[in-house]
Amino acid sequence: MTTGLDVEAVRKDFPILQRRVHDDRPLVYLDSANTSQKPRAVLDALAGHYELHNANIHRAQHVLAEEATAAYEGGRDKVAALINAPSRDELIFTKNASEALNLVANTLAWRSPYQVGPGDEIVITEMEHHSNIVPWQLLAERTGATLRWFGITDDGRLDLSNIDELITERTKVVSLVLVSNTLGTLNPVAAIAARAHEVGALVVADACQAVPQMPVDVTALGVDFLAFTGHKMCGPTGIGGLWGRREVLEQLPPFLGGGEMIETVRMTGSTYAPLPYKFEAGTMPIAEAVGLGAAVDYLTGIGLDAIAAHEREITSYALDQLHGVPGLRIVGPDTPVDRGGAVSFTLAGIHPHDVAQVLDSVGVAVRAGHHCARPVCDRFGIQATTRASFYLYTTRDEVDALVRGLDEVKRVFA
Amino acid sequence: MRLDSLYQEIILDHYKHPHGRGLRDPYDAEVHHVNPTCGDEVTLRVRVADGIVEDVSYDGAGCSISQASTSVLTDLVIGKPVADAVAVQEEFLRLMQSKGAVEPDEEVLEDAVAFAGVSKYPSRVKCALLGWMAWKEATLRATAPAGQDRQVAADERANA
């Protein structure tokens, strides 16, 4: 099956994929849901920024400052366009998705028309990353609100059978993942958002695994907030983003106070900058924003549709191959329908840590553990999974190397 | 990296046929330790009588390294005076923190020398130490002067 994406050409863009590990074996990198590798264009953008344009932004009058400011704001324009944000001013840079989610969960505890209080309810799901669980637990503790959640079905989908009991007139916020980092599940966020809006709740989507690998449109999703991170989408670490609906962002109080987020500061009180700067306190990750902009250019140059098609194709191939491994159980949807490119599995009688360690010894990089989504493991009565995750540079040969590696795992632990 | 430096035969044997496994009575202290990065966990009980580690029993789930090292631990400390057992624990900790740079003392560590290779894998050191750190805490509690610590342990048992 052809997907219109030339994987071999793509691989040449990623210097690290030429690396050899452990006795000169080719690196088989199947851990992109953890962090993606970076194309040359992003590395060059980072180095180029520091070599030629480095300055602080929005606060100096010299040529470097003008260039750095333009490049930083250019990064914002690119990311805002990528997710079809109605306005670039609604796109706030953060250090990562965790900070983006904490921004929302913290400001909702404070005085605003959206303030959460005793008797209110916050709804999440059992398949969230810890970064979309803990901030809401903290919000509930701080405000006296109650945290509730959707469960997971045996085949790794959200159990929406009790949606009308969970989302009620008491619900103030619904926060859920668009694509699960552990199960791979693609959730029907638009339908859930529509139901949440009927009761007047805000909707937050964690799109960390979705933005890198498929077209994401905040307007079509109908959410109020969308959080994502740069390093999983070919960008640098240290930068992520929060898109929020203008009407809501304008009424929320600032999250962090500091430089550049103000309009006027007097000893008796301060007023705040307009969006998005109200939420960007202190010197921001400037080079990282430039690098993220380059990553967006890179991804859109290939095309998110083509990337999504490749992801579907390689995930489908991987599921087929893994189904043929005796003792292997997929944890999550075991068909390539409505899922992303992260595949978790268990191997009978062998702990995932050991699976990953042996795979590493043959050059195959995967992640083992609870993937910062421990409740998912609890749900399936397991301690951990091994997770292989794919991206635009993943080949069928690499999936084959994974399957061969699993034979080696079994040999060691026979 | 040579995989067989990590997965020594002794380790795989203890993993497949663990010693001392299963929670037993009587005991003086019980602790529950987890490895937050991977979710491995162990519940471990210690019985101390007349200054001797009379029993160590445990239940848990985890990788080969964590399970085998807890199995080896029970072999090494049961029957020893507490002070000698603590010395073994300290030597094992020193080995695990050595990044492969120290020669293990086989006189003290016996089967546990097999874990020397683990110290070269920083992500697995915590696995090897899971049961040992649990034992250390349980033993501290079991040997604390009658009073607060013992009371805490007793309360936890009552609430278990």
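The values are calculated or read from the model by the stated rules, or taken from the named source; none is laboratory data. If you're wondering where the values come from, they're calculated on a predicted model, not measured in any experiment. Glycine also receives a Cβ, built like all others from the backbone with ideal geometry; neighbour counts cover every protein chain displayed.
Among residues of the range B:24-50 that are within 23 Å of A:Asp378 (Cα to Cα), those with a beta-carbon under 8 Å from a residue that is at pLDDT 95 or above and aromatic (Phe, Trp, Tyr) at least six positions away or on a different chain give the pairs B:Val42/B:Tyr58; B:Thr43/B:Tyr58; B:Leu44/B:Tyr58; B:Leu44/B:Trp135. For the structure I just gave you, tell me whether A:Thr219 is in a loop (DSSP other than H, G, I, E, B), hydroxyl-bearing (Ser, Thr, Tyr) and assigned by TED's automatic domain parsing to the domain that holds A:Leu242. Judged against the criteria, A:Thr219 is not a match.
Test of understanding: among A:Tyr114, A:Tyr50, which residue is touching a residue at least 60 places away in the same chain (Cβ under 8 Å), surrounded by fewer than 21 Cβ atoms within 10 Å (Cβ to Cβ) and part of a loop (DSSP other than H, G, I, E, B)? Answer to the selection: A:Tyr114.
Can you confirm whether A:Thr182 is within 18 Å of A:Gln115 (Cα to Cα), of a type outside the set (Asp, Glu) and not assigned by TED's automatic domain parsing to the domain that holds A:Pro352? No. When the range B:17-54 is limited to residues that are among the acidic types (Asp, Glu) and closer than 19 Å to B:Ala142 by Cβ, the one that is farthest from the chain's Cα centre (by Cα) turns out to be B:Asp50. Restricting attention to the range B:73-108, the residues that are within 21 Å of B:Arg2 (Cβ to Cβ) and surrounded by 15 or more Cβ atoms within 10 Å (Cβ to Cβ) total 4.
Only one residue in A:Leu103, A:Leu147, A:Leu183, A:Leu160 is surrounded by fewer than 24 Cβ atoms within 10 Å (Cβ to Cβ), in contact (Cβ under 8 Å) with a residue 60 or more places away in the chain, touching a helix residue (DSSP H, G or I) at 6+ places or on another chain (Cβ under 8 Å) and not charged (D, E, K, R), so which one is that? Answer to the selection: A:Leu103. For the range A:14-33, the condition holds for at least one residue, the condition being that it is among the acidic types (Asp, Glu), within 24 Å of A:Val364 (Cα to Cα) and not in a loop (DSSP other than H, G, I, E, B). Note on the range B:87-130: residues that are within 14 Å of another protein chain (Cβ to nearest Cβ) and either more than 26 Å from A:Ala365 (Cβ to Cβ) or assigned to a loop (DSSP other than H, G, I, E, B) (or both) total 1. Where strands (runs of 3 or more DSSP E) fall wholly inside the range A:120-204, the ranges with 2 or more residues that are under 19 Å from the mean Cα position of the chain (by Cα) are A:121-125, A:171-177.
Under the condition of being under 30 Å from A:Thr385 (Cα atoms) and acidic (Asp, Glu), the residues counted in the range B:24-54 number 3.
No other residue among A:Thr283, A:Thr268 is in the same structural domain as A:Pro113 (by TED's automatic domain parsing), within 24 Å of A:Ala71 (Cβ to Cβ) and of a type in the set (S, T, N, Q) apart from A:Thr283.
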